[in-house]
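Accompanying notes for the structure given below.
Readers should treat all values here as calculations from the given coordinates under stated rules, not as data from a laboratory. Please read these numbers as outputs of a predicted model, since none were measured by experiment. Note: ideal-geometry Cβ built from the backbone for every residue, glycine included; neighbour counts use all protein chains shown.
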Amino acid sequence: MRASLAATAVTGALLVALVAVPAAAQQFRLGGYVKGQYMHTDEGAPQDKLDITMLRPWVKGQLGDDVALFAMYHLSTAGSGMLLDSWLAWKDPWAQSQLRGGQFQVPVGFENPLSSSKLDFITRSYVTTGVFPGSYDTGLTVDGVLGHMNGELPLHYVLSSLSGKGRGNWDFGWKRDTSLVIGLPLAKGSEFQGSYYWGVRRHDLGFGLKWQDEKWRVQGEWFNGAAGALAHDGWYLLGRYDLTPKQYVAARFEEYDPDHATVAGARERWTLGYGIFPAKSIRVLANLELRDGPAAFANDRFGVEAQYVW
């Protein structure tokens with residue numbers, strides 16, 4: 001009942017905003033992306049799978065100068081559809097901070113807030129999917145910069161109050177999860193990020209470092225925490241080199257242990273990737289995964305993914 005009322009309240013707020021803002025000040029755009037994937041599992045019982053992994057149409061809009069909205073729906077051949085992003089954001093007049101409310105990807109780390117259409121590889125890292133299962137949550141978040149007005153290196157912060165229950169849980173109760181992210185540019189092209197997530201069911205401490213120039217990008221993240229009685233930790237390190245403006249190669253190594261008490265659950269993976277943009281709206285990825293871990297994570301895999309964005 002509470003979730004239904006909360007979802008109704010968010011929808012009502014959106015409708016009020018649409019009515020209150022003059023039509024001339026409203027700007028909307030429709031878009032989306034679709035991904036098709038072939039995956040071959042090489043060891044054990046060899047498998048070949050061809051699938052439409054996701055079809056995600058979205059709408060984004062601007063209500064006047066300070067309010068933005070975004071909504072995205074997910075469809076796939078693997079199951080029923082679901083609403084992913086659904087949020088409103090207000091930017092202060094000085095462009096130093098933004099308040100966002102609704103459903104969105106948990107804004108912690110470099111990789112988790114990134115759209116699936118912009119990943120370097122076909123899949124996210126083990127540690128990202130382990131620490132943030134489902135990737136999404138509902139709540140409020142404020143992000144901004146400090147020091148920008150004085151010409152100093154801007155410190156970036158993101159403070160969030162989340163339901164802690166994942167996508168579709170519009171719970172506005174007092175028992176909330178909280179996350180704080182601090183990002184600091186160290187030099188041109190580099191950024192350090194520290195984060196802490198503390199909630200009703202889990203907590204996580206994280207650090208990340210990223211450096212890039214015109215052709216290279218090196219990025220790594222480490223997380224350590226616990227979900228209930230299960231203590232976990234993991235990290236990844238990736239490097240990407242742009243061969244041309246339309247082609248790149250990338251490699252990533254990662255380790256993740258979802259439960260320190262069970263050594264057999266630890267897993268590691270090398271991912272070697274090649275990406276090409278044969279057209280502005282088309283990207284093709286080829287990934288080779290060399291995996292080691294429990295049975296479900298032991299088989300090496302080779303995959304090809306084609307993506308079209310409109």
Run the simple label-point estimate for Ser115 and Asp65 please: 7 Å along Cα→C-beta, distance reported in nm.
2.6
Along the chain, longest interval not containing exposed trypsin sites (Lys or Arg not before Pro), exposed being DSSP loop plus at most 15 other Cβ atoms within 10 Å
1-174
Helix-derived [θ] at 222 nm for the chain: sum -39500 (n - 2.57) over DSSP H runs of at least 4, divide by residue count, nearest 500?
-2500 deg cm²/dmol
Which ordering of Val309, Val158 is given by a fewest-first count of other beta-carbon atoms within 10 Å?
Val309, Val158
Those chymotrypsin sites (Phe, Trp or Tyr not before Pro) in the stretch 180-222 that DSSP places in a loop and that have at most 13 other beta carbons within 10 Å
none
Taking the Cα centre of the stretch 104-251 as origin, sum charge times position over the Cβ atoms of Lys and Arg (+1) and Asp and Glu (-1), and report the length of that vector in debye to the nearest 20.
300
Want the number for Leu180 to Gln98: 0.36 nm per residue separation, take away the alpha-carbon distance, what's left?
28.0 nm
Beyond a 24 Å Cα-Cα separation, which of these cross-linked pairs lie in this structure: Lys35/Lys215; Lys91/Lys246; Lys35/Lys165; Lys49/Lys165; Lys60/Lys91; Lys118/Lys280?
Lys35/Lys215; Lys91/Lys246; Lys35/Lys165; Lys49/Lys165
Over the chain, what is the relative contact order in percent, taking alpha-carbon pairs closer than 8 angstrom and at least six residues apart?
13
Under a straight-distance cross-link criterion of Cα-Cα below 12 Å, which aspartates and glutamates are reachable from Lys188, leaving out those fewer than 8 residues away in the same chain?
Asp213, Glu214
In this structure, the FRET efficiency calculated for Glu214 and Val145 from their beta-carbon separation, with R0 = 25 Å, to the nearest 0.05, is 0.55
Over the chain, with a Gaussian network built from C-alpha contacts below 10 Å, which listed residue (Pro185, Pro46, Pro294) shows the highest mean-square fluctuation?
Pro46
Positive dipole terminus of the chain, leading residue within Gly206, Phe192, Ser117 (C-beta point charges):
Ser117
Going toward the positive end of the dipole of the chain, with +1 on Lys and Arg Cβ and -1 on Asp and Glu Cβ, which of Leu230, Val142, Gly303 do you reach last?
Val142
Estimated FRET transfer efficiency (Leu243, Ser76; beta-carbon r; R0 25 Å; 0.05):
0.20
Using a Förster distance of 25 angstrom, determine the FRET efficiency expected from the C-beta separation of Gln47 and Tyr308, and round it to 0.05.
0.50
Lys, Arg +1 and Asp, Glu -1 on Cβ, resulting dipole of the stretch 29-309 about Cα centre, debye, nearest 20:
700
How big is D, in µm² s⁻¹, for the chain by Stokes-Einstein at 10 °C and 1.306 mPa s if Rh is the Kirkwood radius over C-alpha pairs?
75
